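K.L.:
Have a look at the structure that comes next, please.
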Amino acid sequence: MRNTRALAAAGAAVAVLGLAAPTATAGGDHNQPSNIVALPSVIARGGQMTVTVDGCPQGGTMTSDAFRTTHLTPVKGANETSKGTATIKEDARPGSYDITVNCSGRRLTRPAAFTVIGGVRGGVGGSSSSGATPTDIAIGGGLVAAAVAGGGLFWMRRRAERRF
């Protein structure tokens, strides 16, 4: 009786797998782009971003409003994957951008694939202001005044000690 149950369960499992296999292979079109990944996902204007696309074994192109049309090249050793490097335009507005991929005549768009942020001013600590602010001037002036007053007191005390 136990052998009959095990045989029935095995037969049911084979039947389910047998019915599911044609469905799985019928949708497996190898030239259908999928899974668009943009790294880094947050990037400054002028930066370079790498985009990988699965289901694109022969390469293709990628476009966005934030960068020029760029070619995708097949990745060696990675089955059906292509990648490309895009440079974000200097005049791109901050915000989210879509990427549209064209592989073997098939198109796929990933909405909000990456975000452009405003440029960073290097060399000034990321500051966006130029010159000293009124607060900076007040602090600096206070420090100079304290140094002058302290130096004057020290000099006066030293002078007074020599008289005795």
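K.L.:
Within segment 31-46, count every residue that is in contact with a Gly (Cβ under 9 Å, 6 or more places away or on another chain) and in a loop (DSSP other than H, G, I, E, B). Don't jump to the end; show me each part of the working.
P.N.:
The initial filter retains those residues of segment 31-46 that are in contact with a Gly (Cβ under 9 Å, 6 or more places away or on another chain), namely 31-35, 40, 44-46.
Remaining after also requiring in a loop (DSSP other than H, G, I, E, B): 31-33, 40, 45-46.
So the answer is 6.
Matching residues to (1) open to solvent by 80 Å² or more (accessible area, probe 1.4 Å); (2) of a type outside the set (Ser, Thr, Tyr); (3) at pLDDT below 80:
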{"site": "PHE114", "(1), (2), (3)": "no, yes, no"}
{"site": "THR135", "(1), (2), (3)": "yes, no, no"}
{"site": "ALA138", "(1), (2), (3)": "no, yes, no"}
{"site": "LEU143", "(1), (2), (3)": "yes, yes, no"}
{"site": "GLY151", "(1), (2), (3)": "no, yes, no"}
{"site": "ARG157", "(1), (2), (3)": "yes, yes, yes"}
{"site": "GLU161", "(1), (2), (3)": "yes, yes, yes"}
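K.L.:
Return the residues of segment 48-58 that are part of a loop (DSSP other than H, G, I, E, B) and either in contact with a helix residue (DSSP H, G or I) (Cβ under 9 Å, 6 or more places away or on another chain) or surrounded by fewer than 17 Cβ atoms within 10 Å (Cβ to Cβ) (or both); say none if nothing qualifies.
P.N.:
Taking segment 48-58 and keeping what is part of a loop (DSSP other than H, G, I, E, B), we get 55-58.
Hit for segment 48-58 is GLN58, nothing else.
K.L.:
Could you check segment 44-100 and list, in sequence order, the residues that are under 18 Å from SER34 (Cα atoms) and among the acidic types (Asp, Glu)?
P.N.:
Selection gives ASP54, GLU80, ASP98.
K.L.:
When residues of segment 65-95 are filtered for being under 15 Å from GLY47 (Cα atoms), open to solvent by 20 Å² or more (accessible area, probe 1.4 Å) and in a strand (DSSP E or B), how many remain?
P.N.:
Of segment 65-95, the ones under 15 Å from GLY47 (Cα atoms) are 65-68, 70, 84-95.
Imposing the further condition that a residue be open to solvent by 20 Å² or more (accessible area, probe 1.4 Å) reduces the set to 65, 68, 70, 85, 87, 89-91, 93-95.
Filter once more, keeping what is in a strand (DSSP E or B): 68, 70, 85, 87, 95.
So the answer is 5.
The values are calculated or read from the model by the stated rules, or taken from the named source; none is laboratory data. Since we're looking at a predicted model, the values are computed, not measured. Every residue, glycine as well, gets a Cβ built from its backbone with ideal geometry; the counts of neighbours run over all protein chains shown. Ligands, DNA and RNA are excluded from the accessible area calculation, which covers all protein heavy atoms including side chains. Shrake-Rupley method; radii C 1.70, N 1.55, O 1.52, S 1.80 Å.
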